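The values are calculated or read from the model by the stated rules, or taken from the named source; none is laboratory data. Not measured: the values here are computed from a predicted model. Here the Cβ positions follow ideal geometry from the backbone for every residue, glycine too, while neighbour counts run over all protein chains shown. Note: accessible area is taken over every heavy atom of the protein model, side chains too, but ligands, DNA and RNA are not part of it. Shrake-Rupley method; radii C 1.70, N 1.55, O 1.52, S 1.80 Å.
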Amino acid sequence: MLLWMVVWTSRATLEKRSRGGVIPRCGQESRSRGSLVEQALWQDCMCRLRGRLTAPEIGCWLQAIHPIEVRGRRLHAEVPSRMHLEQIRARLSDAISAVLGEILGDGAELVLTVNRERAERAPQAPPSVPHAAVPLSPYRFETFLVGDSNALAHAAAREVVARPGAAHNPLFLYGGVGLGKTHLATAVADAIGRGSRRRVAALSAEAFANDLIRALLTGGIDGFRARLRQIDVLIVDDIQFLAGKERMQEEFFHTFNALHSMGKQIVLASDQAPRSISGLEQRLQSRFEAGLTAEITAPDCSLRFAILGHKAKAIGFELPIEVAQWVAGKIVTSVRELEGALHRLVAACRWSERALDLGFAKEVLRPILRSAPPRTLEQVQRIVAESFHVTPGELVRHGRVSRLRVPRQVAMYLARKAMGATYAEIAAGFGGRDHSTVMHAVKRVEERRGEDPEFATLVDRLSEKLASA
Ligand code: ADP
Ligand code: MG
């Protein structure tokens with residue numbers, strides 16, 4: 001639920017509220033803009049909302065919300081005018097309620113207050129040029145932690161920054177939700193933008209589509225094309241959004257070719273490899289694969305632990321090591337979920353004024369862990385075996401029985417993708433095989449997913465089954 005209040009700059013009231021507890025307090029000045037905790041929480045919300053709102057909703061309304069304070073399960077925030085308040089209420093309330101609930105728990109609320117001092121800084125109008133459509137968030141290389149799961153993608157992104165247009169073109173980043181694709185793609189945009197005079201355009205595929213529609217409706221298609229072709233570096237996030245949209249793909253194909261033939265750098269991010277995106281034209285698929293495709297997989301435990309520590313430090317939150325270790329062991333599939341857990345812990349400490357220890361952390365995170373996917377290879381093997389009418393023991397046993405080949409490959413694939421196990425862990429868990437066997441199995445399933453929609457559906461169903469197990 002959202003609470004809506006029109007209170008003309010009730011800063012004094014906000015300053016009076018004392019919270020205490022285990023969270024280091026920020027200075028007055030930064031608290032009036034929302035402390036690092038509030039800002040991090042709100043950034044998390046914005047990330048989650050990005051796929052659920054349109055570009056104008058984000059540009060005009062969402063970005064006008066300034067987080068001030070978390071109290072209990074309420075996030076207090078300010079907007080620059082009553083119009084903002086009403087528009088946000090009419091357009092965004094359901095989506096915001098849903099993501100706040102995901103982070104702070106059931107019954108979370110956003111309480112909005114009008115503060116006219118914010119009017120000068122408020123976004124004014126929907127963006128009119130494609131490259132300004134949806135700025136990706138300010139993620140940088142400096143805040144991106146590297147481990148086995150993202151090393152190739154990170155190295156490739158660095159090379160792209162060092163030699164735009166010459167290293168890997170296009171660079172195609174792909175992987176599951178919340179694993180750092182947007183962060184890395186944005187870091188490329190940021191680093192090239194800061195280090196040179198190149199014109200960098202970073203936008204989501206949805207923003208591209210919206211701008212294209214607007215241009216088609218208003219007869220501005222030539223201007224749209226001309227603007228895009230002036231760009232030196234084009235970064236398009238969530239390119240899978242174009243799947244099944246022929247007109248968008250047609251236009252993107254020409255944009256891609258025009259830029260690529262001029263040696264301009266293109267970076268794309270997607271939740272799946274090009275050949276696994278069903279509804280993506282063959283010609284785009286082959287263009288996307290022509291440079292380097294780099295997968296980001298689920299982080300291993302040490303990277304999860306490091307990221308948690310890093311994120312906690314960034315917001316000035318003291319996260320006990322045993323809690324960080326426990327959380328890193330429990331939340332295995334996405335960095336975004338790790339961040340969500342951290343924000344939930346921070347908020348809980350605030351409202352309860354309890355010091356954070358392992359017992360309290362377990363209590364606070366219990367609701368989100370209930371739906372966490374299984375973490376053992378045995379669970380993956382059992383679910384896959386059941387579905388293929390074989391036994392878990394057969395999946396693990398050595399031998400070349402042909403009826404076991406596909407189920408074994410699928411189980412290895414899901415262990416890698418759905419539970420984030422490393423190749424070495426999977427190899428050990430499948431009877432001590434060589435880890436190149438696991439890599440081959442994962443690749444084979446990926447290829448077949450792209451070629452065989454029925455197989456892709458079967459694998460997706462199993463993945464969902466694992467997630468809800
Ligand atoms: P995706 O685009 O893959 O869905 P994002 O790039 O939005 O995921 O990442 C989700 C959150 O996780 C972001 O807040 C991002 O900063 C964080 N994140 C992901 N990977 C890393 C990493 N390797 N180091 C630090 N933060 C990360
Ligand atoms: Mg993303």
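Observations on the model:
- Some residue of region 286-294 being more than 22 Å from Gly180 (Cβ to Cβ), among the charged types (D, E, K, R) and away from ligand 1 (no atom under 11 Å from the Cβ): yes
- Leading residue by the ranking (farthest from Arg397 (Cα to Cα)) among those in region 418-457 that are open to solvent by less than 60 Å² (accessible area, probe 1.4 Å) and basic (Lys, Arg): Arg449
- Residue check, His183 closer than 13 Å to Leu171 by Cα, assigned by TED's automatic domain parsing to the domain that holds Glu142 and not hydrophobic (A, V, I, L, M, F, W, C): no
- Any hit, region 215-235, residues being within 16 Å of ligand 2 (Cβ to nearest atom), crowded, with 21+ Cβ neighbours inside 10 Å and on the phi < 0 side of the Ramachandran plot: yes
- Any hit, region 347-362, residues being within 16 Å of ligand 2 (Cβ to nearest atom) and in a helix (DSSP H, G or I): no
- Scanning region 385-417 for residues that are surrounded by 15 or more Cβ atoms within 10 Å (Cβ to Cβ) and not hydrophobic (A, V, I, L, M, F, W, C) gives Ser387, Pro392, Glu394, Pro407, Arg408, Gln409, Tyr413, Arg416, Lys417.
- Failed item in (1) modelled with pLDDT under 90; (2) closer than 29 Å to His154 by Cα, with Asp211 passing the rest: (2)
- Residues of region 141-185 that turn out to be within 16 Å of ligand 2 (Cβ to nearest atom), open to solvent by 10 Å² or more (accessible area, probe 1.4 Å) and in a helix (DSSP H, G or I), as a count: 5
- Of everything in region 171-196 that is without any contact (Cβ under 8 Å) to a residue 40 or more places away in the chain and farther than 21 Å from His260 by Cβ, the residue that is farthest from ligand 1 (Cβ to nearest atom) is Gly195.
- Hey, Leu212 more than 16 Å from ligand 1 (Cβ to nearest atom) and in contact with an Asp or Glu (Cβ under 7 Å, 6 or more places away or on another chain) or not: yes
- Residue within region 113-121 that is part of a loop (DSSP other than H, G, I, E, B) and either modelled with pLDDT of 95 or more or within 10 Å of ligand 1 (Cβ to nearest atom) (or both) present: no
- Some residue of region 295-304 being open to solvent by 50 Å² or more (accessible area, probe 1.4 Å), within 15 Å of ligand 1 (Cβ to nearest atom) and of a type outside the set (A, V, I, L, M, F, W, C): yes
- Top-ranked residue of region 236-258 - restricted to ones that are open to solvent by 50 Å² or more (accessible area, probe 1.4 Å) and not hydrophobic (A, V, I, L, M, F, W, C), ranked as farthest from Ala294 (Cα to Cα): Arg247
- Qualifying residue in region 271-280 (condition: within 15 Å of ligand 1 (Cβ to nearest atom), of a type in the set (Gly, Ala, Ser) and free of Cβ contacts under 8 Å to residues at least 60 places away in the same chain): no
- Residue within region 345-366 that is within 29 Å of Thr143 (Cα to Cα), outside the structural domain of Gly101 (by TED's automatic domain parsing), within 16 Å of ligand 1 (Cβ to nearest atom) and open to solvent by 10 Å² or more (accessible area, probe 1.4 Å) present: no
- For region 445-457, the set of residues classified as in a helix (DSSP H, G or I) and either closer than 16 Å to Gln272 by Cβ or at pLDDT below 80 (or both) consists of Val445, Glu446, Glu447, Arg448, Arg449, Gly450, Glu451, Pro453, Phe455, Ala456, Thr457, listed by residue number.
- From the list Ser276, Ser270, Ser261, the one residue that fits, being open to solvent by 20 Å² or more (accessible area, probe 1.4 Å) and small (Gly, Ala, Ser), is Ser261.
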